[in-house]
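Take a look at the structure set out below.
The values are calculated or read from the model by the stated rules, or taken from the named source; none is laboratory data. The structure presented is a predicted model; accordingly, all values stated were derived computationally and were not measured. Reconstructed Cβ throughout: ideal geometry from the backbone, glycine too, with neighbour counts over all protein chains shown.
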Amino acid sequence: MATVAAALAPAAGFAAESYPARPVRLVAAFTAGSSTDTIARALAVRLAERLGQNVIVDNRPGAGGVIGNNHVAKATPDGHTLLASSGVFTSVAAAVDKLPYDPVRDFAWVARIVNYPLLLMVNAQSPVHSVRDLIAAAKAAPGRMSFGSVGVGSGFHLAGELLNTLAGVDLLHVPYKGSNELVTEILGGRLDMIFSTLISGHPHIQAKRLRAIGITSRGVNPLLPDVPPVVNTLPSYEMTSFAGIAAPSATPRAIVTRLNREVNALLTLDEIRRPLLNAGGTIEPIDPAGMDRYIAGEIERWRRIARTRGISIR
């Protein structure tokens, strides 16, 4: 085994020194126009300049990102095929019984681009004005208060189940096909609460149609400084999504390290930072080893919630 490793080491070093030798494909695991796709395309232009090769965004949507994830997991591990993904990667890994890849062992994470908190919102006419009010109302009517999500096992769903678990309540989960439908239902009074992104919820809060009673990050967000973190009421509560880039697990570490350096450099550019911050994100660069630990930790955390709440997608 040592002889094989020694024989392969020079080849890996040569691959890293000559990288990239051809255009790089950045696989977006979601549709064109999605937030993941938008971020991937913004990065691709500047990343190509730094790498000296074209970076081509390749949309491979379907099955909550599983199709795109699987394509990258099985790609040649030479840094020429990368994955642009989001927090859905960890929620799917937690909720889906069988995946065609191992979500921890088959990926080497390159960089985290941005973190996104969620908003906990109610109808502006609701008598609920705080997370404490919500918990009290839910305990007074077990199983009768509802929250919506964009599907079983989605981040919005797990955010609600985390609330159920930590608060000891039984909010009823109602899945929908998309976030627009969620907003329509809560505005119509057919849902008691929803989790949503800041960029989706902010216009309705400004128009006083919805009321944000909590944010799922550990601190306040500059876009909505008056909205308190849920953690102020439930000390263990935290839920953030992310956008990040990964490579197949056997990609030479020197290539992963270089890509991390190049992506983190892009995150200092105002043209990249501003749209992310304006969408409610926070930019906290991390090294590849730290990103690997972060992903593994998130998957395990959401698996515990999925097991506790009986969430399973077959």
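Points worth noting:
- Restricting segment 78-93 to residues that are of a type in the set (Val, Ile, Thr) and either modelled with pLDDT of 95 or more or in contact with a strand residue (DSSP E or B) (Cβ under 6 Å, 6 or more places away or on another chain) (or both), the residue that is farthest from residue 152 (Cα to Cα): 81
- The residues listed here are 69, 59; of these, the one that is buried (at least 22 other Cβ atoms within 10 Å of the Cβ), polar (S, T, N, Q) and at pLDDT 90 or above is 69.
- Given (1) touching a strand residue (DSSP E or B) at 6+ places or on another chain (Cβ under 9 Å); (2) touching a residue at least 60 places away in the same chain (Cβ under 8 Å), number of the condition residue 229 does not satisfy: (2)
- Members of segment 170-189 found to be among the acidic types (Asp, Glu) and either more than 25 Å from residue 234 (Cα to Cα) or without any contact (Cβ under 8 Å) to a residue 24 or more places away in the chain (or both), listed by number: 181, 185
- Filtering segment 31-73 to residues that are in contact with an Asp or Glu (Cβ under 8 Å, 6 or more places away or on another chain) and assigned to a loop (DSSP other than H, G, I, E, B) leaves only 31.
- Some residue of segment 285-295 being surrounded by fewer than 19 Cβ atoms within 10 Å (Cβ to Cβ) and either within 29 Å of residue 194 (Cβ to Cβ) or outside the structural domain of residue 105 (by TED's automatic domain parsing) (or both): yes
- Candidates 254, 279 - the one that is assigned by TED's automatic domain parsing to the domain that holds residue 110, under 18 Å from residue 156 (Cβ atoms), in contact (Cβ under 8 Å) with a residue 60 or more places away in the chain and surrounded by 15 or more Cβ atoms within 10 Å (Cβ to Cβ): 279
- Criterion violated by residue 180 - all others in (1) part of a helix (DSSP H, G or I); (2) surrounded by 16 or more Cβ atoms within 10 Å (Cβ to Cβ); (3) within 19 Å of the chain's Cα centre (by Cα) satisfied: (2)
- Those residues of segment 236-251 which are within 22 Å of the chain's Cα centre (by Cα) and exposed (fewer than 15 other Cβ atoms within 10 Å of the Cβ), in sequence order: 236
- Wholly enclosed strands (runs of 3 or more DSSP E) of segment 78-169 bearing at least 1 residues touching a residue at least 40 places away in the same chain (Cβ under 8 Å), outside the structural domain of residue 60 (by TED's automatic domain parsing) and buried (at least 23 other Cβ atoms within 10 Å of the Cβ): 107-123, 146-149
- Tally of residues being of a type outside the set (Lys, Arg), over 20 Å from residue 276 (Cα atoms) and either touching a Ser or Thr at 6+ places or on another chain (Cβ under 6 Å) or in a strand (DSSP E or B) (or both) across segment 184-228: 8
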